[in-house]
Amino acid sequence: MQLPFKKVLSTSVVFALFASLVLFSSCGGDDDATPDTTAPEVTIEGLTNDAAVNGTVVVSLDADQNDLDKVEIYVDGTLVTTLTGSPFQYTWDSNTVQDGTHTIKVVAYDKSGNKTEQQVSVAVTNTLVSFSIAANQLETEEGYAERGFVFLSDENGKVIASTEYENGKSYTLKNAEFKGEKFYLSEVLVRTGTESSRSRVFTFAQIERGKSWKLMYEHDSDETFVGEATLNFTNFANGYAYYVESNGDQAFPDTYHPSQVVGLRKNPSSLYVERQDEWATETPTYRLFTNITTGASHTINLTNVNIPVTKTTVDLPQDAYYAEVEVRAFAESGVYENAFKLGAFSSSGSKLTYHYPGTAFPSYYTQIELEADQFYYSRGSSEKMFDVKYLENEVSFDYSSNKLNYSAVGDFDLIAVILGYEENTWTLVLPEGTNQAVPVLELPASLSGFQFPELGLPAEYSLVDFGEINSYDDLKNFIRNSEYSVDDLFEDGKNYIEMNYEGPSSGGRKAKKEDHFSALNLRSE
């Protein structure tokens, strides 16, 4: 007997449900599912090892943020925040730590409790520049006083940091809003007095943030004497003049003044004595006396001043109408301290004659100066007594749109562009290159009461090549590690060449002879 259709349908449904329950039971249910043990894939976005950072730093993650449960962020091993929701992103103020290397670590957990760690090391450079001032860097004497300032400018000439400095203090300049990596650094020295005042500004370009600096500082170590010696001269020869040089002091004894007192910078020291006939027709003679000591009295027999000097005559460049060479000697080979200044020799003709005491000293250093129609020339040399090498160069200037545009290429390390004259000068110490530009540099409010030259075409410019460096970057690194900044590159024993030209705004005016080799001299008169 057949069952009704409705009855058959009901029976089928019951059987299907029973079969499903049996099958589900045989599979064991959710309790036997494989657990999730895969760690989340997470990387820190935008930060790489050794990256330079400053100000606020955004720490964000490249990950499937829907799968993340929480993220812990550590700085130098210390938990700084825990993020529990998307976006998993944290803004870290790097000003809360000192400049230097720091680690940022993120620990990310997914919803199954799995975790991943990622870490980067970053270089924090919130400091733009730091510097220390010597105890006697600023001078104060009767009638005048000096004040010093430093200010930094961005690529558009806007002031980003500034300070007035005092002797014996250290300074750190920062600006949380400035994100650039390089800037201009200007050193300002202002001297105010009862009779006159003057200002000197030196601006260096392309200064990298986060590094130290050494301000220009006049080297005066040669002014220190360790004591004095009394010299009693005997046996003067008629018709001759005598010149005496210790390591930094001079004397000119004669029959009326046979006893002289000289200062010594080293004890014991040598004493150089030179004899020359009054008419300068004979070859001079010399003698080097040794073991001269402070606090003692020494007898100097001038009869022994009988060794002929080495005399040399050189041809001058055709375009030079004046030349001078100053000869300095040193008691130790390669040690350029406590100089014996043996004399300066000059000529206004085509030849120059100078002399020195041969092998009496193991080291010599000469400073050569030339004047020509187009330029002044200066060279310091520890290699040759007299040698002139001009610097090949191509230089041009243009001032437009409140910028000094220049191109300067050749065999030199820097170009020093000089604005203004005499009492108020501004020197831009710049790298060589083509299509370079310097903007008008705004002054900080602290300098509003002083006078400074305005940016424009230069009154003069100097090209300088140093023997110890090969580029403008070398110059900056040298300054950072120096004691007296650029002044150290002009000291005895240092090889350099400087050529000084009239600038397009000079109007035919030529610098005074005693001034024109001072483009990088802090206190040039």
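This table checks each residue for (1) among the charged types (D, E, K, R); (2) at pLDDT below 90; (3) assigned by TED's automatic domain parsing to the domain that holds Lys182.
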site: Thr37; (1), (2), (3): no, yes, no
site: Ser60; (1), (2), (3): no, yes, no
site: Asn66; (1), (2), (3): no, yes, no
site: Val75; (1), (2), (3): no, no, no
site: Asp110; (1), (2), (3): yes, yes, no
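For region 161-193, residues that are assigned to a loop (DSSP other than H, G, I, E, B) and in contact with a helix residue (DSSP H, G or I) (Cβ under 9 Å, 6 or more places away or on another chain) total 1. For region 149-168, check the following and say yes or no: at least one residue is polar (S, T, N, Q) and at pLDDT below 95. No; the residues of region 149-168 include none that is polar (S, T, N, Q) and at pLDDT below 95.
If you go through region 365-387 and keep only what is assigned to a strand (DSSP E or B) and farther than 13 Å from Val325 by Cα, you end up with Ala372, Phe375, Tyr376.
Out of Asn402, Asn393, one residue alone is in contact (Cβ under 8 Å) with a residue 40 or more places away in the chain and at positive phi. It is Asn402. Selection of region 395-422 for residues being over 25 Å from the mean Cα position of the chain (by Cα) and of a type in the set (D, E, K, R) yields only Asp398. Could you please let me know if Lys214 is farther than 16 Å from Ser448 by Cα, of a type in the set (Lys, Arg) and surrounded by fewer than 17 Cβ atoms within 10 Å (Cβ to Cβ)? No: the conditions fail for Lys214. I want to confirm something. Restricting to region 313-332 and keeping residues that are closer than 15 Å to Ser350 by Cβ and not aliphatic (A, V, I, L, M), which single residue is surrounded by the most Cβ atoms within 10 Å (Cβ to Cβ)? The residue in question is Glu324.
Looking only at region 299-355, residues that are of a type in the set (A, V, I, L, M, F, W, C) and farther than 19 Å from Lys389 by Cβ come to 14 in all.
Tell me yes or no: at least one residue of region 285-298 is more than 27 Å from Val335 (Cα to Cα), surrounded by 19 or more Cβ atoms within 10 Å (Cβ to Cβ) and not polar (S, T, N, Q).
Scanning region 285-298, I find no residue that is more than 27 Å from Val335 (Cα to Cα), surrounded by 19 or more Cβ atoms within 10 Å (Cβ to Cβ) and not polar (S, T, N, Q), so the answer is no.
One residue stands out in region 230-249 among those that are within 16 Å of Asn338 (Cα to Cα) and either among the acidic types (Asp, Glu) or modelled with pLDDT of 95 or more (or both): the one that is farthest from the chain's Cα centre (by Cα), namely Val244. Of everything in region 409-437, what is within 14 Å of Tyr472 (Cβ to Cβ) and aliphatic (A, V, I, L, M)? Give them in sequence order. Within region 409-437, Val409, Leu414, Ile415, Ala416, Val417, Leu428, Val429, Leu430 meet the criteria. Considering only residues of region 47-85 that are free of Cβ contacts under 8 Å to residues at least 24 places away in the same chain and surrounded by fewer than 12 Cβ atoms within 10 Å (Cβ to Cβ), which is farthest from Lys115 (Cα to Cα)? Residue satisfying both the conditions and the ranking: Thr78.
May I ask you to verify whether Lys389 is under 30 Å from Thr310 (Cα atoms) and surrounded by fewer than 17 Cβ atoms within 10 Å (Cβ to Cβ)? For Lys389, the condition - under 30 Å from Thr310 (Cα atoms) and surrounded by fewer than 17 Cβ atoms within 10 Å (Cβ to Cβ) - is met.
Note on region 423-451: residues that are over 15 Å from Tyr184 (Cβ atoms), touching a residue at least 60 places away in the same chain (Cβ under 8 Å) and out of contact with any Lys or Arg (no Cβ under 7 Å at 6 or more places or on another chain) amount to 3. The conditions of being within 27 Å of Leu271 (Cβ to Cβ), touching a residue at least 12 places away in the same chain (Cβ under 8 Å) and surrounded by 16 or more Cβ atoms within 10 Å (Cβ to Cβ) are not met by Pro362.
Note on region 114-137: residues that are outside any strand (DSSP E or B), at pLDDT below 95 and over 17 Å from Trp92 (Cα atoms) total 5.
The values are calculated or read from the model by the stated rules, or taken from the named source; none is laboratory data. For clarity, every value in this text was computed on a predicted model and none was experimentally measured. FYI the Cβ positions are ideal-geometry reconstructions off the backbone, even for glycines, and counts take in every protein chain you see.
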